Amino acid sequence: MAYTWNRIVVKVGTSLLTTPEDDFLSVYITGIVKELCSLRQSGKEIILVTSGAIGAGMCRLGLKHRPTTIPLKQACAAVGQSCLMNTYEQLFAEHQQSIAQVLLTHHELANRRSYLNTYNTLLTLLQYNAIPIINENDTVAVDEIKFGDNDTLSALVAQLVEADLLILLTDIDGLYSKTPDGKGFGELIPLVEDITPEIVNMAKGSKNKFTTGGMATKITAAQIATTAGVTVMILNGRIHGILSDALFGKGCGTTFAAKADKISSRKRWIMYGLKTVGEIIIDDGAREAIFNQGKSLLPSGIVEVKGHFEEGDAVIVSGIHGNSIAKGLINYSRGAMAKIKGKQSSQIEEILGYKYSDEIIHRDNLVMFE
């Protein structure tokens, strides 16, 4: 019996695009494209997140080792992205399927306006039956604006478009348990209902010279997506027909169950779309108020301020014992916070000469960690 997933994000790793002989375009991606087109023609909405620009550039430039400098990585991406999209254009054209290139950096998702613009663009493409093909814009991305890996990017895209399902295609069958001695792999885990520390510790995948990710990044992606109510599957993209088998419930790979109590779109944006630039340390009373009583964070409970930030930036909220509690948008700069920490809200204007708000972080802009 087929599941009712309608909007599906599929991420393809570089290992499925390159061959052992270091050639670009493997037989696996040809089969994957055919399946994606079949799913699209059956009425499914498909978004493809692809790696491979740097790998394709390496192949085209004859490099034998993954570049370590940013200029060379970006040069490989510049050469490889056109090669990558040309390959997809040819493969999808064989099935009369239109595609669209979408290149993103973290900046597009960190800014609320461009975040919503990206959402509207992707939905419009889906309405016109095109398959958006998304990649990180490695040609211009630097550490400050990088997603880090395309597993994370695919999870952010899945939660952005409110997908039903995220499929991470790789070159292994799924998540495996550890052997009793912790040195090898045990059995394939078919279903993960809760991503516990034990599950996280199982995620030690291998890398090769073309790739940046591993199983650990896929677990992180699953944490992001399932929190947004998206089911996640890790599947072996080298198995013919794997997408159809998974969608028809034939027990493939590892499935991560979506959370029933997903957080709102705005809070997902705060949690995953924004990079943190500071930290606020609070006492136990403030922790109780925001964590268990749903209150806003007030200056009286703040013990220490770290980092450099301005009003509107995202910061981590931590307890006095070092545990991270929440993430939120702060109403005051670091300089102002240093003056009003530990004070009452009624004293803010007297101390600063102005007052934006009684709250340091309003509860609507505060996302609690589990």
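The values are calculated or read from the model by the stated rules, or taken from the named source; none is laboratory data. Computed from a predicted structure; not experimentally measured. Neighbour counts run over all protein chains shown; Cβ positions are idealised from the backbone, glycine included.
Summary table
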quantity: Top-ranked residue of segment 22-71 - restricted to ones that are outside any helix (DSSP H, G or I) and of a type in the set (A, V, I, L, M), ranked as surrounded by the fewest Cβ atoms within 10 Å (Cβ to Cβ); calculated: Leu63
quantity: The lone exception for Gln81 - which of (1) in a helix (DSSP H, G or I); (2) among the polar types (S, T, N, Q); (3) more than 22 Å from the chain's Cα centre (by Cα) it fails; calculated: (3)
quantity: In segment 48-78, the residues that are of a type in the set (D, E, K, R) and within 25 Å of the chain's Cα centre (by Cα); calculated: Arg66, Lys73
quantity: Where a residue in segment 70-94 is within 14 Å of Ser26 (Cα to Cα) and touching a residue at least 12 places away in the same chain (Cβ under 8 Å) and its partner, wherever it lies, is assigned to a helix (DSSP H, G or I) and of a type in the set (D, E, K, R), with Cβ under 7 Å and at least six apart; calculated: Cys83/Arg60
quantity: Residues located in segment 236-269, provided they are part of a loop (DSSP other than H, G, I, E, B), surrounded by 15 or more Cβ atoms within 10 Å (Cβ to Cβ) and at pLDDT 90 or above; calculated: Gly237, Arg238, Ile239, Gly253, Ala258
quantity: Members of segment 240-251 found to be free of Cβ contacts under 8 Å to residues at least 40 places away in the same chain and out of contact with any Cys (no Cβ under 7 Å at 6 or more places or on another chain), listed by number; calculated: Lys250
quantity: Residue satisfying condition, being within 22 Å of Leu274 (Cβ to Cβ), at pLDDT 95 or above and not hydroxyl-bearing (Ser, Thr, Tyr), within set Val317, Val367; calculated: Val317
quantity: Which numbered condition Leu116 misses (of (1) buried (at least 22 other Cβ atoms within 10 Å of the Cβ); (2) part of a helix (DSSP H, G or I)); calculated: (1)
quantity: Cβ pairs under 6 Å, 6+ apart, first in segment 345-370 and more than 17 Å from Gly301 (Cα to Cα), second polar (S, T, N, Q) and not in a strand (DSSP E or B); calculated: Tyr356/Asn331
quantity: Any hit, segment 277-292, residues being surrounded by fewer than 20 Cβ atoms within 10 Å (Cβ to Cβ), of a type in the set (Gly, Ala, Ser), in a loop (DSSP other than H, G, I, E, B) and not assigned by TED's automatic domain parsing to the domain that holds Ala228; calculated: no
quantity: The listed residue being in the same structural domain as Gln159 (by TED's automatic domain parsing) and either within 27 Å of Leu109 (Cα to Cα) or in contact (Cβ under 8 Å) with a residue 60 or more places away in the chain (or both), out of Lys295, Lys262; calculated: Lys262
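Residues are listed down the side, and each one gets a yes or a no for (1) crowded, with 18+ Cβ neighbours inside 10 Å; (2) touching a Ser or Thr at 6+ places or on another chain (Cβ under 7 Å); (3) more than 30 Å from Ser177 (Cα to Cα):
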site	(1), (2), (3)
Gly273	yes, no, yes
Leu298	yes, yes, yes
Glu304	no, no, yes
Val315	yes, yes, yes
Asn331	yes, yes, yes
Ala336	yes, no, yes
Lys339	no, no, yes
Lys343	no, yes, yes
Gly353	no, no, yes
